[in-house]
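See below for the structure under consideration.
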Amino acid sequence: MNQIAIPEGFRLDAQKRLVHESLIKPIDQARDQLVLELVEKAKQLHSLIAEFKVSAFGDVAAFVELSADQYGVKLGGKKGNVSLVSFDGRFKITKAVQQSIQFDERLQAARALIDQCLLEWTEGARPEVVTLVNDAFRTDTKGEVRTANVLALRRLEITDERWQRAMKAIAEACQVVGSKDYIRVHERVGDSDQWRAIPLDIAGV
């Protein structure tokens, strides 16, 4: 993309038009200055967070390998969740792996089996189950079912053979389509067994 040569004393507006600085209102100049200052600070912060992420993942992985070496164990493959607690028990670093799960076409077979069960069960006898099923298969704003809600159905203790087949179909329909690694930092709340997150995102600060 060709850079537009900007003469001295002029600025480019959002439509790529040259505007002399004397024609720019003071409030527009002040707004522009504020935005550019905050963007520059945000870029610096982004760079620091990126450096922390790389450093934290590397340091945790190195420590896990060191710990394994103490027992003559070689760890292979992708590492799972790891929690490291400070000596005084005040702080905890967790490396967490969050998997993205989607369902394939077998989920429709599971829904059909579940619907057969609901049709034959006496109306009103299991209202909580009906509510859970309807909530589980309700789609979100992207038109996708809520994974956690569907998987929660498997915790219901229902012995009906069709229900059991439906739960098996749900399990087999689960497909891991990706995963993300996270570093989370926590501080103990006083002397309790509760942990308070030290947020690394703007909304959580």
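The chain: longest stretch without exposed chymotrypsin sites (Phe, Trp or Tyr not before Pro) (DSSP loop, at most 13 other Cβ within 10 Å), sites themselves excluded? Display every interim value, and only then the final one.
Numbers: sites that count: 71, 87.
That gives 88-205 as the longest site-free run.
Name the longest site-free stretch of the chain, where the excluded sites are GluC sites (Glu not before Pro) in a DSSP loop with no more than 16 other beta-carbon atoms within 10 Å. Can you show the working numbers first?
Numbers: sites that count: 8, 105, 123, 144, 157.
So the longest stretch without any such site is 9-104.
Report the extension gain between residue 202 and residue 115 in nm, rounded to one decimal, defined as 0.36 nm multiplied by the number of residues separating them, less their alpha carbon distance. It would help to have the intermediate numbers written out before the result.
Values: separation 87, 0.36 × 87 = 31.32 nm, distance 4.40 nm.
In short, 26.9 nm is gained.
Please compute the Kirkwood hydrodynamic radius over segment 80-191, one decimal place, Å, based on all pairs of different Cα atoms. Before the final figure, lay out each step's value.
Working: mean 1/r = 0.0600 Å⁻¹.
About 16.7 Å, per the Kirkwood formula over Cα pairs.
Points 7 angstrom from Cα along the Cβ direction at residue 39 and residue 66: gap in nanometres?
Taking the two extended label points, one gets 4.2 nm.
Report the FRET efficiency, 1/(1 + (r/R0)^6), for residue 30 and residue 4, where r is their Cβ-Cβ distance and R0 is 22 Å, rounded to 0.05. List each step's numbers first, then the result.
Details: r = 24 Å, r/R0 = 1.10.
So the FRET efficiency works out to roughly 0.35.
Between residue 99 and residue 15, take the C-beta separation as r, use R0 = 35 Å, and let me know the FRET efficiency to the nearest 0.05. Spell out each step's value before the answer.
Values: r = 45 Å, r/R0 = 1.29.
Using R0 = 35 Å, I get an efficiency of 0.20.
Can you list the aspartates and glutamates whose alpha carbon sits under 19 Å from that of residue 53, skipping same-chain ones fewer than 8 residues off?
Within the straight-line limit of under 19 Å, residue 53 reaches these aspartates and glutamates: 65, 181, 187, 201.
For Cα extents along the principal axes in Å, the choices are [x] 80, 53, 39; [y] 91, 34, 32; [z] 61, 34, 27; which was calculated from the structure?
It is the value labelled [x].
Please give the contour-minus-distance gain from residue 22 to residue 132: 0.36 nm per residue of separation, less the Cα-Cα distance, rounded to one decimal in nm. If you can, show how the numbers build up before the last one.
Values: separation 110, 0.36 × 110 = 39.60 nm, distance 6.45 nm.
Value of the extension gain: 33.2 nm.
We did not get these values from a lab; they are worked out from the coordinates using the rules stated. No experiment lies behind these values; they were computed from the predicted model shown. So basically every Cβ, Gly included, is an ideal-geometry build from the backbone, and we count neighbours across all protein chains shown.
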